[in-house]
1. Among the residues of segment 70-82, which ones are part of a helix (DSSP H, G or I) and either in contact (Cβ under 8 Å) with a residue 12 or more places away in the chain or over 20 Å from Thr22 (Cα atoms) (or both)?
2. Among the candidates Ala56, Ala94, Ala67, Ala111, which residue alone is closer than 22 Å to Ala40 by Cα, in contact (Cβ under 8 Å) with a residue 40 or more places away in the chain and within 12 Å of the chain's Cα centre (by Cα)?
3. Looking at Ile30, Ile70, can you tell me which residue is buried (at least 19 other Cβ atoms within 10 Å of the Cβ), at pLDDT 95 or above and within 15 Å of Ala92 (Cβ to Cβ)?
4. For the structure I just gave you, tell me whether Met54 is at pLDDT 90 or above, touching a Gly at 6+ places or on another chain (Cβ under 7 Å) and within 15 Å of Gly87 (Cα to Cα).
5. So if I check each of Glu143, Glu161, which one is part of a helix (DSSP H, G or I), more than 16 Å from the chain's Cα centre (by Cα) and over 22 Å from Gln47 (Cβ atoms)?
Amino acid sequence: MTRDYVFHAGEATVLAREGQFTDAMPEILIGRTDGPVGHAFANMMAQSKGHTAMFAIRACNQMVRPATIIVPKVTLKDMANIDLFGGVVQSATADAVLDCVIEGVIPKDRANDLCIISLVWIDPRCATDPNLDKKDMYRTNYEATKLAIRRALNGEPTIDELIANRHTIKHDMDDWS
């Protein structure tokens, strides 16, 4: 396990409770602000229609450290989805990052030297679901973000694990092989 903090990638999936469309699947990069992740982070500040990047904040005037930017993987076409992204998902992401610092997964003394890019999934059905459970949406995004950060910094899965499972584990959507 290297701790150079140049470029670490991780992902995780946490499934929603039954009847919800709140699965969380963040893909994150974490690295130094003066390295490739920092350069990518700065470039993400440019907005593109439907894929508005936002800082992860816990509340107004409470931007999380390490600085974290969240970007939706899908086009957000309406205010209802934008509100979910800039509310529940933003808060869950920020809390997960801060808890990773509190728990020592991210060293506190590196919190101002690192940055995180998190690509996040919001199922477009969430905004129109009359039974949307925002607590479940928070839970899945919080748990998945913590797991993705931990995996990134621990180099998981390892290349040996990937090789060992090459022919036994298939993509969840695999119906072609």
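1. Ala80, Asn81, Ile82
2. After applying the criteria, what remains is Ala56.
3. Residue meeting the stated conditions: Ile70.
4. For Met54, the condition - at pLDDT 90 or above, touching a Gly at 6+ places or on another chain (Cβ under 7 Å) and within 15 Å of Gly87 (Cα to Cα) - is met.
5. The unique qualifying residue is Glu161.
Residues checked against (1) surrounded by 20 or more Cβ atoms within 10 Å (Cβ to Cβ); (2) of a type outside the set (Lys, Arg); (3) over 21 Å from Ile82 (Cα atoms); (4) touching a Lys or Arg at 6+ places or on another chain (Cβ under 7 Å):
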| position | (1), (2), (3), (4) |
| --- | --- |
| Pro107 | no, yes, yes, no |
| Asp113 | no, yes, yes, yes |
| Ser118 | yes, yes, no, no |
| Ala127 | no, yes, no, no |
| Lys134 | no, no, no, no |
| Arg139 | no, no, no, no |
| Gly155 | no, yes, yes, no |
| Ile169 | no, yes, yes, no |
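The values are calculated or read from the model by the stated rules, or taken from the named source; none is laboratory data. From a predicted model like this one, the values you see are computed outputs, not experimental measurements. So basically every Cβ, Gly included, is an ideal-geometry build from the backbone, and we count neighbours across all protein chains shown.
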